[in-house]
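K.L.:
The structure's right below; bear with me while I get my questions together.
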Amino acid sequence: MNSRDPADARVWNDSDATTHIDVRGLPPPQPLIRILQLVQRLPGDAVVIVHHDRDPVLLYPELEQIGWWADAIDGDPGEVRLRLMRT
């Protein structure tokens, strides 16, 4: 796995105003931290697409505590891709 600087979680918006965050290659717990920081500063109707190396099982209870849920969606081979939305 190619390790990146923990501050280097790539974030962008697509044409539908969906926010994407790519945490692939970041060492634990940086993906969890970066995702939670992102969702806590977004508006209530935001949708976030997470691009991850693995299933972030520790993320799900954290999201639930702050009123978000995750749904696995199709991604590239070897990628776990999640759609996050507020409950």
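K.L.:
GNM on the chain, C-alpha springs below 10 Å: top fluctuator among Pro56, Pro27, Pro43?
P.N.:
Most flexible of the set in this elastic network: Pro43.
K.L.:
Please give the helix 30-40 orientation as an angle from the longest Cα principal axis of the chain, in degrees from 0 to 90, rounded to the nearest 10.
P.N.:
Helix 30-40 sits roughly 20 degrees off the main axis of the chain.
K.L.:
Averaging sequence separations of C-alpha pairs under 8 Å and six or more residues apart, then dividing by the length of the chain, give the relative contact order as a whole percent. Mind dumping the intermediate values first?
P.N.:
Values: 142 pairs, mean separation 21.7, N = 87.
Contact order relative to length: 25 percent.
K.L.:
Tell me which residues come under 5 Å, amide H to amide H, from Gly25 once H is placed; ignore anything under 5 positions away on its chain.
P.N.:
Placed amide hydrogens put Asp53 under 5 Å from Gly25.
K.L.:
Give me the extension gain from Met85 to Thr18: residue separation times 0.36 nm, minus the current Cα-Cα distance, reported in nm with one decimal. Display every interim value, and only then the final one.
P.N.:
On the way: separation 67, 0.36 × 67 = 24.12 nm, distance 1.06 nm.
Once the chain is fully extended between Met85 and Thr18, it gains 23.1 nm.
K.L.:
Could you derive backbone 3J(HN,Hα) for segment 68-76 from the dihedral phi with the Karplus parameters 6.51, -1.76 and 1.60 (θ = phi - 60°), listing whole Hz in sequence and x where the residue is Gly or Pro?
P.N.:
Coupling constants for segment 68-76: 10, 9, 10, 10, 5, 10, 5, x, 5 Hz.
K.L.:
Only Lys, Arg, Asp and Glu count, each charged at its Cβ (+1, +1, -1, -1), so figure out the dipole size of the chain about its Cα centre, rounded to 20 debye.
P.N.:
Numbers: 9 positive and 14 negative charges, 48 e Å.
Result for the chain is approximately 240 debye, rounded to the nearest 20.
K.L.:
Please give the length that would be gained between Gln65 and Ile33 if that part of the chain were fully extended, namely 0.36 nm times their separation in residues minus their C-alpha to C-alpha distance (nm, one decimal).
P.N.:
Numbers: separation 32, 0.36 × 32 = 11.52 nm, distance 1.44 nm.
That pair, Gln65 and Ile33, stretches by 10.1 nm at full extension.
K.L.:
Per DSSP H run of at least 4 residues, take -39500 (n - 2.57); add these up for the chain, divide by its residues and hand me the 222 nm value, nearest 500 deg cm²/dmol. Could the numbers behind the result be given before it?
P.N.:
On the way: 2 runs with 18 residues, N = 87.
Helix-only estimate at 222 nm: -6000 deg cm²/dmol.
K.L.:
Summarise the long-distance tail of P(r) for segment 15-87 by giving the % of C-alpha pairs beyond 17 Å.
P.N.:
36 percent
Read the figures in this text as sums done on the coordinates, not as results from a lab. It should be emphasised that the depicted structure is a prediction, and the values quoted were computed from it without experimental measurement. For neighbour counting, all protein chains shown are included, and Cβ atoms are generated from backbone atoms with ideal geometry for every residue, glycine included.
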